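S.K.: Here's a structure for you.
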Amino acid sequence: MPKQVLIDCDPGIDDALALALAHGSPALDVVGVTTVGGNVELEHTTRNALCLVDYYGMDVPVARGAGRPLVREPRTAADVHGETGLGGVVLP
């Protein structure tokens, strides 16, 4: 029986791959995705998660989480992941 998992992520390039691998794994049952600000701002990570879930054909809820760390100033990695987090990739 697959292990149920909730994936909490900040979808940039790395988490886009992680979501694909988790969705394709017979050992996992992804029951939902939550997003946080990180690689890029929360607005982008949430949109990325929604687009990726749709693109991969995942039937799971996506919930928007915290937009910034609790105990430090936010730092993004737009220089690595691009302005929207997906390195310039535009999903349908």
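The values are calculated or read from the model by the stated rules, or taken from the named source; none is laboratory data. Nothing here was measured: the structure is a model prediction, and the numbers come from that model. Ideal geometry is used to build each Cβ from the backbone, glycine not excepted, and the neighbour counts take in all protein chains shown. When the accessible area is computed, the model is the full protein with side chains, heavy atoms only, and any ligands, DNA or RNA have been set aside. Shrake-Rupley method; radii C 1.70, N 1.55, O 1.52, S 1.80 Å.
S.K.: Pull up all non-local amide H partners of C9: gap of 5 or more, or a different chain, and H-to-H distance under 5 Å with H placed in the peptide plane.
M.R.: Excluding prolines and chain starts, which carry no amide H, the hits are T34, T35, V36.
S.K.: Here's another thing I want to ask about it. Quick one: which of 34-44, 75-85, 3-13 comes out on top by average Cβ neighbours within 10 Å, and what's the full order, highest first?
M.R.: 34-44, 3-13, 75-85
S.K.: Another one. Just reorder L52, L91 by solvent-accessible area, largest first, 1.4 Å probe, all chains present.
M.R.: Largest accessible area first, the list is L91, L52.
S.K.: I've got another one for you. Taking all protein chains as present, what is the carbon and sulfur share of the accessible area of the chain, in % to the nearest whole number, probe 1.4 Å?
M.R.: The C+S portion of the solvent-accessible surface of the chain is 58 percent.
S.K.: Run the numbers on the chain and let me know its relative contact order in percent, using alpha-carbon pairs under 8 Å that are six or more apart.
M.R.: It comes to 32 percent, rounded to a whole number.
S.K.: Within a Cβ distance under 11 Å of G32, other residues only, what is the Lys/Arg minus Asp/Glu net charge?
M.R.: So the environment of G32 carries a net charge of -3.
S.K.: Please report the net charge: other residues with Cβ closer than 15 Å to the Cβ of A66, K and R +1, D and E -1.
M.R.: Summing Lys/Arg as +1 and Asp/Glu as -1 gives -1.
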